[in-house]
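Okay, structure first, notes after.
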There are 2 protein chains.
Amino acid sequence: MSNEIRYTVIGAGHGGKAMAADLAAKGFTVNLYNRTAERISEIVLRGEIELEYENSASRYCRLANVTSDIADALDGADVIMVVVPASGHRDIARSCAPHMRDGQIIILNPGRTGGVLEFRQILNQVGCTADVIVAEAGTFVFASRSTGPAQARIFRRKNAVPLAALPATRTGHVLETVCEAYPQFIPVPNVLHTSLDNMGAIFHPALTLLNAGWIERTKGDFQFYIEGVTRSTAHVLEVLDRERVTIAAALGVRARPALRWLRDAYSAKGDTLYEAIQGNPGYQGIKAPRNLRHRYIFEDVPFSLVPLASLGAQFGVDTWAADAMIRLACVVHGTNYFERGRTAEDMGLKGLRVSEVKRYVQDGEVNPVYSLAAVRNGAA
Amino acid sequence: MSNEIRYTVIGAGHGGKAMAADLAAKGFTVNLYNRTAERISEIVLRGEIELEYENSASRYCRLANVTSDIADALDGADVIMVVVPASGHRDIARSCAPHMRDGQIIILNPGRTGGVLEFRQILNQVGCTADVIVAEAGTFVFASRSTGPAQARIFRRKNAVPLAALPATRTGHVLETVCEAYPQFIPVPNVLHTSLDNMGAIFHPALTLLNAGWIERTKGDFQFYIEGVTRSTAHVLEVLDRERVTIAAALGVRARPALRWLRDAYSAKGDTLYEAIQGNPGYQGIKAPRNLRHRYIFEDVPFSLVPLASLGAQFGVDTWAADAMIRLACVVHGTNYFERGRTAEDMGLKGLRVSEVKRYVQDGEVNPVYSLAAVRNGAA
């Protein structure tokens, strides 16, 4: 019985608390880990999280182990659900690596662009020899909020969440393992699909930066999409989206244009991105970020736009719009996001040809770290 | 008597009509030229412009000749006042070149960045052999508006307008010639000063782009500086300004930082650009542009920011902020402003060392076009 699957949720933020409680409510054994002990002290005390669902009574969801000790958290876990901002993926990979054991599954919820590729590189680099399976979701499975120190609320569950393992040959095994908990996970051909269908890369940084003055002046008191998307800002989104779709095409991936995604996900009407966003009731009422120190910049620029631009540079696709956004974000935050962000090298793709990338995401072969090691050892 | 100085004003827009009328009101003989005949048909019919000054009765100012024939317009002129957007400077240079005669003075009002340097290059390239004197103003001498087909209004005269000729040895002669008309022109050491103290480069494109959504959504119905300048947008202005001042320093020019300029020009208080702008009563009531098809982008990006970035590239100064703004403007307008804009090559500075640039702006020597011609002719 798959209820015997034991989960560890990494990260006790808006998403992690909701997922840990949701899994426990479904009868699974769940550990919850958070690096900072204070964040989970109340949950440790109670041993449970109060989970509210939209339109139903709240439930008290008992967790097996709540800890800030990573070895303790991972002990006995079958599936490790990483629910932290992409900026935390590197640290999580490094701290998990020594404690992994054969057969454990790690899922990044979500990976943003290149999350699992970089995660795999780090596991290799720090010498993790366990046969772990890494996978990434295209987006988080629900919309949720932390509503108190030991409370979380799920607003909406998403219908279909793309998932791929690295290598793709293991996607089926991952889906089988987690399908009782999350049947909404659907397979996509490989992690290039989950990584390149990252719509946050297109919408978040550009709309935040092109409305920077308005956001700061009003503390985000306007409708982010309905008001902040105008003919010209929508045009910038279209150019960014074209860059993303072109990079995907260069890698043999048919990415879904944002316009079609809006039609599919929201049944939005309209022939242009501007019209589709204006005509999307799902965007009604969504306010702008309250300030510019927001994950729409500090997460989406280094872990969505930088990997896109880096892949564009390697595979010959101009990324003027992405570059403009990254540079502007660097100036606004006084941070070198090109350096801090996830590059093709971080993803283990530097120097690979398209055919090698495809083989790597499909079969796990042509891994430059392994290859390099092989060369060093005089093998192969 | 210097009232004998004959002026030709090129361009019958907001600035040109006001200047032509103002010069005529001061007793000078004035021709007015506009490329498009329709723009001046009413003035041709009346033979005069009705000029309103703030707080005084309007005057009817008789012009000597109003024409869209450039040869006719330049005939007999001592001083040619070019009052067109910087995007028109190239065409004006080309159309004036065949009709120039020795001793005529051309003043760009203003040149933006590198205006007179490029103007000189074009005169040379098209083989203008007349000994004409070219100069540029740092800004336009007054704030004015076209208020009807044959009407103009002057709101405010500026106290001190920097002016330099190319070469600088001729600045004195230019000032002597125009001082009766415009005593507010003051000499600066050379055209690098007029070009690099271009504050529009710093304020206009960045504030327009960082408030793009707000501008388009409200048709510019907010206070451009007082509301559109926030901590973060002001930070971007500061970085842009630092790039400008650093480029100037690389060229041996001590440019005035924007903060000091605000204190000098407006007696603005405050220790940061944000505070100085917020505390500047001169910015009260200035609305944002009504849309993004505005000279704050299509003039200031190619003729203020592109020359700055191009000089930065040549003289080893990083221009991340300027580059971000230029790229973003390219995306928003679907135009390659790097190509359309004024580069170091257009300014005749490509390949020159700092010492050669200094000598060129000072004495008019080390002009690469002349040098090239000299090499080709086997001379020197």
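Values as computed for the structure displayed
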item: Residue selected from the stretch A:307-325 under the condition in contact (Cβ under 8 Å) with a residue 40 or more places away in the chain and of a type in the set (A, V, I, L, M, F, W, C), by the criterion surrounded by the most Cβ atoms within 10 Å (Cβ to Cβ); result: A:M325
item: Number of positions in the stretch A:166-187 that are touching a residue at least 40 places away in the same chain (Cβ under 8 Å) and part of a strand (DSSP E or B); result: 2
item: Residue within the stretch A:197-206 that is in contact (Cβ under 8 Å) with a residue 12 or more places away in the chain and closer than 30 Å to A:L45 by Cα present; result: no
item: Odd one out for B:R145, checked against (1) assigned to a loop (DSSP other than H, G, I, E, B); (2) touching a helix residue (DSSP H, G or I) at 6+ places or on another chain (Cβ under 6 Å); result: (1)
item: Members of the stretch B:297-306 that are buried (at least 23 other Cβ atoms within 10 Å of the Cβ) and either aromatic (F, W, Y) or at pLDDT below 95 (or both); result: B:F303
item: Out of B:T129, B:T177, B:T169, B:T147, sole residue that is buried (at least 18 other Cβ atoms within 10 Å of the Cβ) and out of contact with any His (no Cβ under 6 Å at 6 or more places or on another chain); result: B:T177
item: Tally, over the stretch A:331-351, of residues that are surrounded by fewer than 21 Cβ atoms within 10 Å (Cβ to Cβ) and at the interface with chain B (Cβ under 8 Å from one of its Cβ atoms); result: 1
item: Out of B:R359, B:R353, B:R342, sole residue that is closer than 27 Å to B:L166 by Cα and within 19 Å of the chain's Cα centre (by Cα); result: B:R342
item: Helices (runs of 4 or more DSSP H) wholly inside the stretch A:252-349 containing at least 1 residues that are of a type in the set (D, E, K, R); result: A:258-266, A:273-278, A:295-298, A:320-333, A:337-340
item: Filter result for A:A249 (away from chain B (no Cβ under 13 Å), without any contact (Cβ under 8 Å) to a residue 12 or more places away in the chain, at negative phi and of a type in the set (A, V, I, L, M)); result: yes
item: Index of the failed condition, A:V84 passing every other in (1) touching an Asp or Glu at 6+ places or on another chain (Cβ under 9 Å); (2) closer than 18 Å to A:D131 by Cβ; result: (2)
item: Residue list for the stretch A:181-219, restricted to those being within 24 Å of the chain's Cα centre (by Cα) and over 30 Å from A:T343 (Cβ atoms); result: A:A181, A:Y182, A:P183, A:Q184
item: Helices (runs of 4 or more DSSP H) enclosed by the stretch A:45-127 - at least 2 residues per element that are within 29 Å of A:Y337 (Cβ to Cβ); result: A:89-96, A:115-125
item: Pair list, Cβ under 6 Å, 6 or more apart: the stretch A:208-225 residue facing chain B (nearest Cβ under 9 Å) and free of Cβ contacts under 8 Å to residues at least 40 places away in the same chain, other residue outside any strand (DSSP E or B) and surrounded by fewer than 20 Cβ atoms within 10 Å (Cβ to Cβ); result: A:R217/B:E227
item: Answer residue from the stretch B:25-51, given it is in contact with a Cys (Cβ under 6 Å, 6 or more places away or on another chain) and touching a residue at least 40 places away in the same chain (Cβ under 8 Å) and is surrounded by the fewest Cβ atoms within 10 Å (Cβ to Cβ) among those; result: B:E48
item: Residue match in the stretch A:297-311 (condition: under 23 Å from A:D221 (Cα atoms) and away from chain B (no Cβ under 14 Å)); result: yes
item: Hits in the stretch B:205-231 (condition: in a helix (DSSP H, G or I), among the hydroxyl-bearing types (S, T, Y) and over 27 Å from B:S310 (Cβ atoms)); result: B:T218
item: Filter result (under 22 Å from the mean Cα position of the chain (by Cα) and over 19 Å from A:R112 (Cβ atoms)) within the stretch A:264-286; result: A:D264, A:Y266, A:G282, A:Y283, A:I286
item: Qualifying residue in the stretch B:8-15 (condition: touching a Ser or Thr at 6+ places or on another chain (Cβ under 6 Å), closer than 23 Å to B:L175 by Cα and of a type in the set (V, I, T)); result: no
item: Residue, surrounded by the fewest Cβ atoms within 10 Å (Cβ to Cβ), within the stretch A:267-296, restricted to residues that are free of Cβ contacts under 8 Å to residues at least 60 places away in the same chain and closer than 30 Å to A:G88 by Cα; result: A:R293
item: Flag for B:A201 being touching an Asp or Glu at 6+ places or on another chain (Cβ under 9 Å), part of a helix (DSSP H, G or I), buried (at least 21 other Cβ atoms within 10 Å of the Cβ) and of a type in the set (A, V, I, L, M); result: yes
item: From the options B:H193, B:H235, residue that is assigned to a helix (DSSP H, G or I), out of contact with any Phe, Trp or Tyr (no Cβ under 6 Å at 6 or more places or on another chain), more than 14 Å from chain A (Cβ to nearest Cβ) and not hydroxyl-bearing (S, T, Y); result: B:H193
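The values are calculated or read from the model by the stated rules, or taken from the named source; none is laboratory data. Remember, predicted model here, so these are calculated numbers, not experimental data. Here Cβ is always computed from backbone atoms with ideal geometry, including for glycine, and neighbour counts include all displayed protein chains.
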